[in-house]
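> The structure's right below; bear with me while I get my questions together.
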Amino acid sequence: MRLTDLALNPALIGTLALFLSAIWMVRDPEDKNRPLLVFALVLNLFYGLLLSLFMRTESSLFPWKFDHVLFRMDAALGLQATTIARSLQVARIPLWIAYQAMIPMMICWFLTTRYRNQRGSVLIAYAAELAVGPLMYALLPACGPIYAFGAKWLDPPSLVSPAPIRLSGMPNAFPSLHVATALVLVSFAPSKLWRAIALAFLAVTCLATLSTGEHYVIDLIPGLAFGSFAASIGFGRRRRALAFLGLVCCWSLAVRFAYLFLIAKPIAIKGCAVVTVILAALEVFIDWGARSAPVPVRAIESEVLVP
């Protein structure tokens, strides 16, 4: 294994983050929030194994994947993932680094929001994604262009039948959890500077998911709605969370059972995409408008000295 591949290995990044967070935790045993980060990173390490077992079981029970359907959805949307990815190959390595930077960014946001006493918990939002994400993958299983088209994924055939195909592999495409997590960081950004950083990271993440061949363009749109669901969980807004989760489920069910109609009516899929993006953007502005939780201040009565 090359040194660059080793340095960008997700398991190595997660293990290193866990080791450093454990050292950070023992430096201040009185801080009750530090064990929370360590616990979240431990869950994240085991999550990959559990997700793999769950998805491979699902794949063996239902080997049909909707990759060709999503490929044709991109064509109806007017934005082909493989075409975009082909133009991004010159920046493949930086985009791959950004794709693997999700855990460090999440830790950074946890520390930033924690020390600013901001309402909500970015870790709870992330945990909601990890818990519900596999169910979404099972609802509409797909793997990504690099798996569906193999070595020729950057130059796929122009004529692809819009139908499920037998494809071995772990479903992890629809919706994009990378985009969802990046949107969570945008929602929890505590200042104008952090918002600019988060928006830039969101844009780079969208490009990275396409450049690696892991996602279709259509995956990113319900990914935004899923990120709004997770952020709402993190802020304790359960009704809004259910509404956005319902929107993601509507996307999955529509693509699974009504893909012929959507492909034949590009205006329908474009309209749904625009509405979803607008709703996710409005939710971000609502999150930005929420003020940080005030730090309790104990009133101190001054003594009056009587001469």
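> Assigning unit charges at the beta carbon (Lys, Arg +1; Asp, Glu -1) and nothing else, what dipole magnitude in debye, to the nearest 20, does the range 66-199 show about its Cα centre?
In debye, rounded to 20, the range 66-199 gives about 400.
> Let me check something: with ligands and nucleic acids excluded, how do C143, C249 order by accessible area (1.4 Å probe), largest to smallest?
From most accessible down to least: C249, C143.
> How much length, in nm to one decimal, is gained on full extension between W288 and C249, taken as 0.36 nm per residue of separation minus their Cα-Cα distance?
Length difference between fully extended and current span is 11.5 nm.
> For T57 and S87 in the same chain, what is the full-extension length gain: residue separation times 0.36 nm, less their Cα-Cα distance, in nm?
7.3 nm
> Let me ask something else. Taking a 1.4 Å probe, which of T113, T57 shows the most accessible area, and what order do the others take after it?
So, going from the largest accessible area down, we get T57, T113.
> A further question follows. Highest first, please rank the peptides 157-164, 259-266 by the mean number of other Cβ atoms sitting within 10 Å of their residues.
With the highest mean Cβ count within 10 Å placed first, the list reads 259-266, 157-164.
> How far apart, in nm, are the 7 Å Cα→Cβ label points at I278 and K265?
Modelled inter-label distance: 1.8 nm.
> Using a Förster distance of 41 angstrom, determine the FRET efficiency expected from the C-beta separation of L159 and W96, and round it to 0.05.
Between L159 and W96 the formula returns 0.85.
> Let me ask you something else. So between R239 and R119, what do we pick up on full extension, going 0.36 nm a residue minus the alpha carbon distance?
Length difference between fully extended and current span is 41.5 nm.
> Taking the alpha carbon gyration tensor of the range 67-181, what are the square roots of 5 times its eigenvalues, largest first, to the nearest whole Å?
Over the Cα atoms of the range 67-181, the semi-axes work out to 32, 18, 12 Å.
> Need one value: the accessible area of I103 in square angstrom, 1.4 angstrom probe, rounded to the nearest 10.
30 Å²
> Now for a different question. With every protein chain left in place and a probe of 1.4 Å, what is the accessible surface of H178, to the nearest 10 Å²?
About 50 Å², rounded to the nearest 10.
> Still on this structure, I have one more. Taking 7 Å along the Cα-to-C-beta vector as the label spot, tell me the F257-A131 distance in nanometres, rounded to one decimal.
So the two model labels end up 2.6 nm from each other.
> Distance in nm between label sites at L193 and S168, each 7 Å beyond Cα in the beta-carbon direction?
5.2 nm
> Given a 1.4 Å probe, how much area per residue of the range 213-258 is accessible, in Å²?
36 Å²
> I would also like to ask the following. Cα-based Rg of the range 136-259 per 2.2 N^0.38 Å, rounded to two decimals?
Rg over 2.2 N^0.38 Å, computed on Cα atoms: 1.15.
The values are calculated or read from the model by the stated rules, or taken from the named source; none is laboratory data. Please read all numbers here as calculations on a predicted model, not as lab measurements. For neighbour counting, all protein chains shown are included, and Cβ atoms are generated from backbone atoms with ideal geometry for every residue, glycine included. The area values use the complete protein model at the heavy-atom level, side chains included, leaving out ligands, DNA and RNA. Shrake-Rupley method; radii C 1.70, N 1.55, O 1.52, S 1.80 Å.
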